[in-house]
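The structure appears below as structure tokens.
FYI, it's all coordinate maths here, none of it is from the lab. Just so it is clear, the structure is predicted and the values come from calculations on it, not from any experiment. Cβ placement follows ideal geometry from the backbone for every residue including glycine, while neighbour counts extend to all protein chains displayed.
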Protein chains: 2
Amino acid sequence: MKKNILVGQSGGPTAVINSSLYGVIDGWMTHSHMMGTVYGMVNGVEGFLSGNYVDLLDTLSSEDLQLLKQTPAAYLGSCRFKLPEHLDASVYGLLFEKFKALDIGICLYIGGNDSMDTVDKLSRCAKLLHEDIVFIGVPKTIDNDLPVTDHTPGYGSAAKYVASTVREISLDAAVYQKPAVTIVELMGRHAGWVTAASCLARRFPEDNPLLIYMPEVPFEMERFFKDLEEALAKQPNVVVCVSEGIQDRSGRLICEYSNEAQVDNFGHKMLTGCGKLLESYVRNRFQVKVRSVELNVNQRCSGLLASGRDVEEAVEAGRTAVKLGLLGETGKMVTFKRRIGAGYKVEYGATDVGNVCNKEKKFPVEWITENHRDIRPEFLSYGLPLIQGEVKHVTEHGLPRYISRE
Amino acid sequence: MKKNILVGQSGGPTAVINSSLYGVIDGWMTHSHMMGTVYGMVNGVEGFLSGNYVDLLDTLSSEDLQLLKQTPAAYLGSCRFKLPEHLDASVYGLLFEKFKALDIGICLYIGGNDSMDTVDKLSRCAKLLHEDIVFIGVPKTIDNDLPVTDHTPGYGSAAKYVASTVREISLDAAVYQKPAVTIVELMGRHAGWVTAASCLARRFPEDNPLLIYMPEVPFEMERFFKDLEEALAKQPNVVVCVSEGIQDRSGRLICEYSNEAQVDNFGHKMLTGCGKLLESYVRNRFQVKVRSVELNVNQRCSGLLASGRDVEEAVEAGRTAVKLGLLGETGKMVTFKRRIGAGYKVEYGATDVGNVCNKEKKFPVEWITENHRDIRPEFLSYGLPLIQGEVKHVTEHGLPRYISRE
């Protein structure tokens with residue numbers, strides 16, 4: 001019996017989703033004497049449905065594999081596609097036909113909450129149809145909002161990017177004598193994990209960022225002005241980090257405060273983040289120089305500033321998924337359990353994907369200071385181990401070598 | 001006769017302005033048996049005028065010096081201060097008193113066009129007053145817009161940051177199947193050198209960024225729409241790089257197209273860059289997903305992605321300034337001359353600061369394609385050597401160690 005393995009990537013890009021793909025291929029090559037190949041869905045389950053896939057063992061040389069490990073974003077392409085809730089022959093029937101045609105025994109899906117929903121549905125459908133195929137999820141998201149697992153591949157790199165970049169922005173902000181406020185807007189609409197990482201930028205107590213605002217607790221404009229006034233009294237250059245998802249007590253997003261009036265002179269609506277909005281509020285309230293910086297997509301796709309540990313763990317998550325599949329497990333997601341004791345150590349396990357999909361793990365409110373403007377030290381021992389280690393990149397002409405499908 | 005050296009930093013931060021400061025200190029320590037010290041102006045000539053300076057040999061250990069070399073922004077703090085055109089005793093008199101009080105024989109100023117104006121005025125004033133002190137400028141600007149010199153320390157690192165970041169953004173942009181446009185706004189209001197560096201991001205012909213718009217040639221909205229239409233016909237994911245300073249045929253900045261209407265619902269004026277503006281124009285014109293990314297201050301202050309060659313050359317520029325000062329030269333700026341021949345090699349020289357100050361070296365129009373939407377290959381052999389080499393950083397807790405004055 002010859003069985004192949006199929007792997008897909010889904011949801012937003014991260015710095016290490018390809019490291020997990022590498023882990024899957026590497027795990028399959030070491031573990032299996034089954035001679036099957038590794039197929040990759042192109043553009044996730046959506047692309048696969050329309051017949052788009054690639055034979056990865058055929059396509060990738062061993063040199064390519066090393067490059068894959070260091071390449072950010074999603075080599076296989078991604079999708080945002082929700083499988084139907086009810087059995088729909090045109091979708092599920094077609095999918096399982098395609099699985100059979102390629103002789104797939106194991107299907108792995110690398111993604112976040114929504115992607116785990118796909119794993120859940122496919123594994124339940126396989127049981128219903130008595131199909132001999134198992135489905136395993138490999139966690140991935142910079143948001144770090146998957147339940148059960150201690151953390152998620154992608155987060156460590158995003159956290160490292162944010163911490164080091166905010167450290168550099170703080171140095172940049174400090175060069176002039178005149179009072180100035182720099183507002184940095186960070187990713188994570190519902191969960192503040194990425195924003196919290198900005199506190200790791202501090203080199204000493206009272207170092208910037210002096211203020212950090214999270215989406216898990218209400219943001220009050222007047223209180224923010226007071227916080228800022230206090231901070232400016234302490235030092236002339238204040239760096240403020242805010243989550244893109246900060247909201248007021250009524251649950252209204254701060255970035256929505258200006259939606260109505262945001263039109264250009266052709267009447268086009270302009271979209272503005274909360275950083276830009278706070279910039280204008282501060283400029284009008286305080287007589288200081290203000291600027292805002294939106295770190296934007298580089299938070300999730302910077303391979304150059306990736307965390308070495310995150311890359312290693314992402315690889316291991318891919319390998320673990322292969323092992324679970326070979327053991328015949330299905331409907332599971334790979335999890336990380338942090339071992340208690342001296343030194344950081346992680347154990348790889350699994351949980352029923354139903355415990356994860358469509359659920360969110362928010363940043364613990366207990367780790368936010370009572371005045372809602374900073375992160376408590378408890379987060380440091382959680383976050384610091386995740387940003388350790390650098391990646392030594394293969395370069396060409398002074399730039400990192402990255403691999404693409406075409 | 002005991003003479004000391006004084007050094008200041010001025011203008012916007014770069015990744016390597018502190019490398020030049022390191023070069024000054026290192027150069028002074030190796031070259032001089034004069035036993036004098038190195039004083040640093042705090043916040044440039046403006047801070048120095050109000051009595052703010054520091055003894056650098058006293059303050060910095062040899063370990064600190066190594067950290068200084070890798071720390072971005074401006075260790076000594078900066079200023080934007082123009083010395084008066086006419087002899088003003090309250091300024092020049094005070095300054096030369098202070099020089100005398102500290103027994104300064106050489107004064108070095110690290111900065112761009114405006115800072116060279118300071119060097120020019122001080123050296124002319126010293127001659128007039130028969131003061132025994134020389135003034136040398138050390139070039140610094142990410143804009144690369146100083147005349148005479150082949151290039152300027154700070155540019156190579158900014159170019160490397162832009163090239164590698166745009167490469168990563170292009171990977172991020174390519175993960176979904178649906179047509180999408182990503183607009184990246186880059187620094188350089190008058191000169192497009194930094195924007196041009198985005199073409200180095202390409203890994204193969206027809207790789208993103210497909211379109212690059214420079215401030216040296218007029219930007220026409222309708223032509224841009226046509227360019228974009230063509231690009232989208234070729235591939236679904238198009239990355240466009242634009243200089244913040246693109247302007248139309250009449251000289252009006254594109255970012256000013258929306259000034260009037262940019263108010264939030266409290267009537268506050270919102271400032272918007274041309275990237276954000278083009279984003280809204282494209283969204284309304286094309287039925288595609290659009291986003292804009294402003295690379296912002298990290299272009300100039302990313303120590304982590306600095307060019308190794310840029311750091312070395314910045315150090316050497318500092319050392320060269322010390323040598324020139326010890327030779328009794330004054331009113332000069334250190335220059336780089338690229339040697340013709342196989343392999344990249346630079347010679348350090350000097351030019352009268354009057355040839356540089358208040359002048360701008362624009363990006364050569366001959367290096368922009370005739371259709372005004374790309375950079376010609378001639379730029380590659382100019383730009384590529386400047387982004388070579390990485391910096392091995394001293395780290396702590398997974399982040400680069402950077403040094404501050406306080």
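Can you confirm whether segment A:137-149 contains a residue that is in contact with a Phe, Trp or Tyr (Cβ under 6 Å, 6 or more places away or on another chain) and among the hydroxyl-bearing types (Ser, Thr, Tyr)?
Yes.
Looking for whichever is in contact with a strand residue (DSSP E or B) (Cβ under 8 Å, 6 or more places away or on another chain), surrounded by fewer than 24 Cβ atoms within 10 Å (Cβ to Cβ) and not hydrophobic (A, V, I, L, M, F, W, C) here; the options are A:Pro147, A:Pro153, A:Pro179. Which one fits?
The unique qualifying residue is A:Pro179.
Taking the conditions exactly as written (of a type in the set (A, V, I, L, M) and either within 14 Å of chain B (Cβ to nearest Cβ) or out of contact with any strand residue (DSSP E or B) (no Cβ under 9 Å at 6 or more places or on another chain) (or both)), does A:Val322 satisfy them or not?
no
Residue pairs, Cβ under 9 Å, 6 or more apart or interchain, first in segment A:320-347 and under 17 Å from A:Asn144 (Cα atoms), second among the acidic types (Asp, Glu) and part of a loop (DSSP other than H, G, I, E, B). List them.
A:Thr335/A:Asp150; A:Phe336/A:Asp150; A:Lys337/A:Asp150; A:Arg338/A:Asp150; A:Val346/A:Asp150
Mind listing just one residue for me: the one in segment B:107-133 that is within 25 Å of the chain's Cα centre (by Cα) and of a type in the set (A, V, I, L, M) and, of those, surrounded by the fewest Cβ atoms within 10 Å (Cβ to Cβ)?
Initial filter on segment B:107-133 (within 25 Å of the chain's Cα centre (by Cα)): B:107-123.
Narrowing further to those that are of a type in the set (A, V, I, L, M): B:108, B:110, B:116, B:119, B:122.
Working: B:Leu108: 29, B:Ile110: 35, B:Met116: 29, B:Val119: 29, B:Leu122: 26.
Top of the filtered list is B:Leu122.
Does any residue in segment B:381-406 that is over 17 Å from B:Thr71 (Cα atoms) come within less than 6 Å, Cβ to Cβ, of a residue that is among the hydroxyl-bearing types (Ser, Thr, Tyr) six or more places away or on a different chain, and which pairs are these?
Taking only residues 6 or more apart or on different chains, the pairs are B:Pro385/B:Tyr344; B:Ile387/B:Ser307.
In segment B:86-106, which residue that is in contact (Cβ under 8 Å) with a residue 12 or more places away in the chain and more than 14 Å from B:Leu49 (Cα to Cα) is surrounded by the fewest Cβ atoms within 10 Å (Cβ to Cβ)?
Filtering first and then ranking leaves B:Leu87.
Among the numbered criteria (1) under 28 Å from the mean Cα position of the chain (by Cα); (2) within 29 Å of B:Gly303 (Cβ to Cβ), which one does B:Arg249 miss?
(2)
Provide a single number: the residues in segment B:192-217 that are more than 8 Å from every other protein chain (Cβ to nearest Cβ) and outside any loop (DSSP other than H, G, I, E, B).
Within segment B:192-217, residues that are more than 8 Å from every other protein chain (Cβ to nearest Cβ) and outside any loop (DSSP other than H, G, I, E, B) number 10.
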